[in-house]
1. Is there a residue being of a type in the set (D, E) and buried (at least 16 other Cβ atoms within 10 Å of the Cβ) anywhere in region 245-257?
2. Hey, could you check region 178-189 for residues that are surrounded by 23 or more Cβ atoms within 10 Å (Cβ to Cβ) and either on the phi > 0 side of the Ramachandran plot or of a type in the set (F, W, Y) (or both) and say which is farthest from the ligand (Cβ to nearest atom)?
3. Considering only residues that are more than 13 Å from the ligand (Cβ to nearest atom), surrounded by 16 or more Cβ atoms within 10 Å (Cβ to Cβ) and not hydrophobic (A, V, I, L, M, F, W, C), which ones fall in region 213-244?
4. Say whether the condition of being assigned to a loop (DSSP other than H, G, I, E, B), out of contact with any Leu (no Cβ under 8 Å at 6 or more places or on another chain) and within 26 Å of D188 (Cα to Cα) is met by at least one residue in region 236-251.
5. Kindly provide the set of residues from region 137-167 that are among the polar types (S, T, N, Q) and more than 16 Å from the ligand (Cβ to nearest atom), ordered by number.
6. Report, by residue number, each residue of region 141-179 that is touching a Lys or Arg at 6+ places or on another chain (Cβ under 9 Å), part of a strand (DSSP E or B) and over 17 Å from M111 (Cβ atoms).
7. I'm trying to understand the selection: among the residues of region 152-163, which are under 16 Å from S122 (Cβ atoms) and either surrounded by 20 or more Cβ atoms within 10 Å (Cβ to Cβ) or more than 17 Å from the chain's Cα centre (by Cα) (or both)?
8. Would you confirm whether or not region 307-314 contains a residue that is within 18 Å of the chain's Cα centre (by Cα) and closer than 22 Å to V209 by Cβ?
Amino acid sequence: MRVLVSGGAGYIGSHTVLALIEAGHDVVVVDDFSNSKPTVVARLEALSGRHVPLHAIDLTDVDKTSHLFAVEEIDAVIHFAGFKAVGESVAKPLEYYRNNLDSTFSLVEAMRRHDVHRLVFSSSATVYGDKAPLPFHEDYADLSALSPYGRSKVMIEHVLSDVAAATPGQRTALLRYFNPVGAHPSGDLGEDPQGIPNNLMPFIAQVAVGRRERLSVFGNDYPTDDGTCERDYIHVMDLAAGHVAALEHLDDMAEPARAFNLGTGHGTSVMELFHAFERAVGRELPYEVVGRRPGDLPRMWADATRAREELGWEATRTVDEMCADTWYWQSRNPHGFPDGTRR
Ligand code: WQD
């Protein structure tokens, strides 16, 4: 299929573009580079050996988005594009709702206008909120979130489900990611957050490469085995494969819209991940325990049954592989992607 990947120059988007091409699909990337760099598309072309058409437009622009569908033959859409920093969303809620919701409305309207009825949406485990029983299951009905970012994901899931129910032939998969980490084994693609990393893995990687002095562990007094929070970390290569599996499942899906957890089903603590990274680097790394970060849940991990049974997909890569691939990427790209132009 010819797949439009919004946010295709981003962390998960770029790894998915490569997986789609390797699975025999054609890909068109649309990205406004608000949180990614054009260099990524050049690397995708080098890694895949294929030309990757790129449209550098803002998806909240309805006319430009519609024009994109007029000039490109699109069979399906994978929608990653969106602002995703939890803390920033608390400070800038209107920008987050405007960007994340408007870009989705614009995209879905263009799809309907051009009779494109296959959609995979990048959702998040954050939609389970802080009251869902573990392991988080897709049938949990009381979706909520603890930030404007998370609430934008809940709202978009409702919008896409309602639109799918009202649009004959529409098939929409809502993929709820747990904690994406890792990098392509080539070392040429990886997570490259702007500014100080909010997330654990990229922060540890920047400590290891000498860009940060030490890791601050946000609390070790949680009710867990070692006192630090446990999360379901999933390798971005597994996540990319999950998107290909979901895309290829859409035409066989009975329901117009359906949520799928993309996780391993296992929890790993902050210190377990930290020590796994030390093993990948081959030396001890500096850290200090500080106060808890507001809003953190002690434990989060997926019930991964539905994706395995219905998509025929499951995560296979280990925490050590996640750390080894992250370290290889970071050591080859100490300052992330260069700011160069695309071609
Ligand atoms: C993991 C653990 C921290 C940094 C977030 C978003 C979620 C999703 C994935 C988009 C926590 C601890 C972290 C640090 C630390 N993003 N930590 N020191 O919070 O589980 O999920 O990213 O969908 O929406 O909330 O991931 O990597 O930020 O934190 O101790 O410098 O690492 O307290 O326990 P989180 P995280």
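FYI, it's all coordinate maths here, none of it is from the lab. Everything numeric here is computed off the predicted structure, so don't read it as measured data. Virtual Cβ from ideal backbone geometry, glycine too; neighbours counted across all protein chains shown.
1. yes
2. G182
3. Matches in region 213-244: H235, D238, G242, H243.
4. No, because not a single residue in region 236-251 is assigned to a loop (DSSP other than H, G, I, E, B), out of contact with any Leu (no Cβ under 8 Å at 6 or more places or on another chain) and within 26 Å of D188 (Cα to Cα).
5. S161, T167
6. S144, R176, N179
7. S152, K153, M155, I156, E157, H158, V159, L160, S161
8. Scanning region 307-314 turns up no residue that is within 18 Å of the chain's Cα centre (by Cα) and closer than 22 Å to V209 by Cβ.
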